[in-house]
Amino acid sequence: MNKVILSGRLVRDPELRYTQTGKAVASFTLAVNRRFSHNNEQQTADFIPIIVWDKLAEVCSKHLFKGSQILVEGRMQIRNYDAQDGSKRYVTEVIAQELEFMGSKVATGNEQ
């Protein structure tokens, strides 16, 4: 079973683009805080790349922005490609299947 559930905040606004066949795809990075056990430790975060497809991608592009707090449910995907220098590169990302808005809406200058 490949299932991932993450809660965090967007690092930047989602980037929406369309494939050659007209399919919407949005991408953004989610900052997910790590729990820590000692009081003197600094809180750290993992920065997880998220990919969203189709109608949900358009919804994300329209309603999410840097700092938005969300809950993402999806699957982890690891893909590889050959870089221009000939080396093989690996990318780990989460393909979102469901998304839930959390927290209060924060007013920013880029909302209408």
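Of L30, L6, all but one fail to be within 12 Å of V94 (Cβ to Cβ), at pLDDT 95 or above, in contact with a Gly (Cβ under 6 Å, 6 or more places away or on another chain) and of a type outside the set (D, E, K, R); the exception is L30. Determine if segment 3-24 includes at least one residue that is part of a loop (DSSP other than H, G, I, E, B), open to solvent by 90 Å² or more (accessible area, probe 1.4 Å) and either touching a residue at least 60 places away in the same chain (Cβ under 8 Å) or closer than 14 Å to E100 by Cα (or both). Within segment 3-24, one or more residues are part of a loop (DSSP other than H, G, I, E, B), open to solvent by 90 Å² or more (accessible area, probe 1.4 Å) and either touching a residue at least 60 places away in the same chain (Cβ under 8 Å) or closer than 14 Å to E100 by Cα (or both). Which count do you get for residues in segment 31-62 that are over 19 Å from V4 (Cβ atoms), within 14 Å of the chain's Cα centre (by Cα) and open to solvent by 70 Å² or more (accessible area, probe 1.4 Å)? Residues meeting the conditions: 0.
When the criteria are applied in full, F28 fails the requirement of being part of a loop (DSSP other than H, G, I, E, B) and surrounded by 14 or more Cβ atoms within 10 Å (Cβ to Cβ). L71 fulfils the conditions (1) part of a loop (DSSP other than H, G, I, E, B); (2) in contact (Cβ under 8 Å) with a residue 24 or more places away in the chain except for a single criterion, (1).
The values are calculated or read from the model by the stated rules, or taken from the named source; none is laboratory data. From a predicted model like this one, the values you see are computed outputs, not experimental measurements. Here Cβ is always computed from backbone atoms with ideal geometry, including for glycine, and neighbour counts include all displayed protein chains. When the accessible area is computed, the model is the full protein with side chains, heavy atoms only, and any ligands, DNA or RNA have been set aside. Shrake-Rupley method; radii C 1.70, N 1.55, O 1.52, S 1.80 Å.
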